[in-house]
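Below: one structure, written as structure tokens.
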Amino acid sequence: MHLPFGFGDWYWNSSRIFAGFFRQPHTEFPLFTFIYSDLHAHMIALMITILAIAWALSVLLARARWKNHLDTAAGLLLGGLIIGALKPTNTWDFYTYLIMGAVVLAYAVWRYAEISHFSITAPAWVNVSY
């Protein structure tokens, strides 16, 4: 039996989907990265993107109600660290998750937060006169 493929063609043909300007463009399906351990930025950043989604979901489910200023600062710092880690890991994911995090945070604060008890007061050593 003679097949129209060479001995090693089964391996790379699955990753060449569309014919383009060049003979065989490099258009891989996402599972190709995991099956053949082809290390790409989206594979490295996968756990960070899942963590960013989990942070955004936790802010939304907690309804942006933090106990005190320290919890608020820690939550925002953690979210900034998670989303900021995407910039050097996978630049294309950074802007997507930055927008997602900002929208979720803005919505949760706008919809659920009780901002009245988070008043900002100046320390006693600061002379504030109006």
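Each value in this text was obtained by applying a stated rule to the coordinates, not by laboratory testing. Not measured: the values here are computed from a predicted model. With ideal geometry, Cβ positions are generated from the backbone for all residues, glycine too; neighbour counts draw on all protein chains shown.
Arrange the following residues from fewest to most other Cβ atoms within 10 Å of their Cβ: His42, His69.
His69, His42
Got the relative contact order for segment 42-113 handy, in percent, Cα pairs under 8 Å and 6 or more residues apart?
Details: 56 pairs, mean separation 36.2, N = 72.
Reported relative contact order: 50 percent.
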